[in-house]
Amino acid sequence: MWGGRFSAKPDSIMTSINASINVDKRLAEEDVAGSIAHAKMLCEQGIINEVDCDDIVEGLDKIINEIRHDKFHFSVELEDIHMNIEARLKKLIGGAAGRLHTARSRNDQVATDFRLWVKASCTARLDQIETLMKALLSQAETHVDWVMPGFTHLQTAQPVTVGHHLMAYVEMFSRDFSRFADAIHRMDECPLGAAALAGTGFNIDREMTAEALGFDHPMANSLDAVSARDYAIESLSSIAICAQHLSRLAEELVIWSSSPFSFVRMSDAWSTGSSIMPQKRNPDAAELVRAKTGRANGSLIAMLTLMKGLPLAYSKDMQDDKQITFEAFDSLDLSLQAMTGMIETMTFNKENLAKAASGGFSTATDLADWLVRDLNIPFREAHHITGASVKAAEEKGVQLWDLSLEELQAIEPRITNDVFDILSVDASVASRQSYGGTAPVRVREQIASWKERLL
């Protein structure tokens with residue numbers, strides 16, 4: 001492709017390190033779409049004639065059909081998807097194929113292809129995240145008032161409801177949704193027409209190609225157009241954060257499904273067995289989702305590192321941006337599908353959840369709040385009284401509500417029989433009616449609000 005300047009072929013190792021076709025052939029759809037838009041614009045502007053344009057478009061249509069049906073031969077010697085398609089086009093239509101690259105460079109070509117791919121992939125993740133949110137919403141509605149322990153430091157803290165716990169993840173994933181949506185908005189500008197780095201002397205219409213490819217507008221600076229990869233970095237950041245949320249949920253599923261907890265049972269479809277222990281039901285899907293977070297984080301760091309020292313405009317280092325990004329999107333794709341399947345099919349154990357919610361003196365804060373609210377005791381004093389009450393119950397081997405009024409009054413004489421109205425788990429959960437609280441009435445409001453947005 002540059003035989004006019006070079007008299008010898010590249011070394012075989014140079015060919016191997018330089019070629020990207022095994023990775024960027026994934027951009028075939030985007031490359032053909034960009035080339036068709038470019039050809040039609042060149043024709044509209046009178047830069048190429050209609051006959052050549054028609055031949056180019058017809059040839060590109062044949063090529064993408066060959067690729068879709070695995071009938072296209074990809075050549076490492078031709079380096080990348082752009083030159084593979086151009087070489088095939090020349091075989092199909094002859095010399096007219098050489099006019100296609102007028103007023104463009106592989107620099108703006110790959111920038112356009114990659115931006116189109118990332119944009120479409122972010123859009124697909126929006127659909128997947130929304131599907132996961134719907135699965136969580138359905139489970140939350142079914143178990144809106146089932147009590148379970150709420151944890152801090154993985155120690156029993158206060159009772160909450162299953163619905164409330166699951167809705168926390170709806171909120172988390174909604175922010176992931178917004179991050180991808182924001183990224184799409186910022187990347188919605190077209191690099192095509194920037195050429196190598198400085199624009200072109202041909203009278204091209206960049207608005208036409210931007211519109212044809214579904215972009216909002218063309219990029220305003222040709223140097224930025226060919227060298228920017230922040231849209232990929234932002235997308236990888238969104239992937240890493242979403243993967244972290246998936247990992248936290250996966251970790252909970254691993255814990256909840258373990259025999260000491262037995263809060264949930266994972267379906268057979270999302271569990272595996274052991275080659276030696278017949279009784280095992282392993283939450284491998286959740287564990288693998290948890291593991292893939294490291295790959296997502298690694299992709300983000302790799303891309304940040306790749307781009308950190310590159311001067312404007314294009315450098316060959318940027319050839320590695322695609323493999324990093326493809327792998328991260330693929331990993332998130334699989335993780336979102338797996339997590340949705342697990343959430344949709346898991347079943348909760350109401351008895352075990354309720355039993356665990358009753359343990360660990362989970363209503364101790366309710367006692368402290370009651371002392372403040374009903375007896376007008378300063379909170380720090382109430383905290384001390386409650387701590388002494390917990391100690392007394394622990395020494396006796398009972399729960400707080402099992403202490404007699406006399407035992408409680410021995411700690412604080414002002415305590416009355418009314419205290420027992422607030423010490424049960426159900427009473428504790430029902431009392432948390434502040435906005436965003438775990439009271440079923442509040443959780444139902446949140447579920448209704450999300451159903452209006454999602455369903």
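The values are calculated or read from the model by the stated rules, or taken from the named source; none is laboratory data. On a predicted model such as this, the values are computed, not experimentally measured, just so you know. As a convention, Cβ positions derive from the backbone with ideal geometry for all residues, glycine included, and neighbour counts pool all protein chains shown. Ligands, DNA and RNA are excluded from the accessible area calculation, which covers all protein heavy atoms including side chains. Shrake-Rupley method; radii C 1.70, N 1.55, O 1.52, S 1.80 Å.
Close Cβ contacts (under 6 Å, 6 or more residues apart or on different chains) running from residues in the range 407-425 that are within 19 Å of Gly360 (Cα to Cα) to residues that are in a loop (DSSP other than H, G, I, E, B) comprise Leu408/Ile415; Leu423/Thr363. Those residues that are free of Cβ contacts under 8 Å to residues at least 60 places away in the same chain and within 30 Å of Val425 (Cα to Cα), I need them from the range 306-357; list them, please. Passing the criteria: Glu351, Lys355. The helices (runs of 4 or more DSSP H) located wholly in the range 188-257 that include 1 or more residues which are within 30 Å of Met133 (Cα to Cα) and open to solvent by less than 30 Å² (accessible area, probe 1.4 Å) occupy 230-257. Residue under question is Leu312, and the condition is that it be outside any helix (DSSP H, G or I) and open to solvent by 40 Å² or more (accessible area, probe 1.4 Å); does it hold? So Leu312 passes the test. When residues in the range 426-455 are screened for being open to solvent by 80 Å² or more (accessible area, probe 1.4 Å), under 18 Å from Met133 (Cα atoms) and touching a residue at least 12 places away in the same chain (Cβ under 8 Å), 2 of them pass. Under the condition of being among the β-branched types (Val, Ile, Thr) and part of a helix (DSSP H, G or I), which residue from the range 135-162 is least open to solvent (accessible area, probe 1.4 Å)? Looking at the filtered set, the residue picked out is Val162. Only one entry of Ala103, Ala39, Ala33 meets the criterion of being in contact with a Phe, Trp or Tyr (Cβ under 8 Å, 6 or more places away or on another chain), within 30 Å of Ser235 (Cβ to Cβ), small (Gly, Ala, Ser) and at pLDDT 95 or above, and that entry is Ala103. The set of residues from the range 375-392 being hydrophobic (A, V, I, L, M, F, W, C) and either open to solvent by 100 Å² or more (accessible area, probe 1.4 Å) or over 16 Å from Ile415 (Cα atoms) (or both) is empty.
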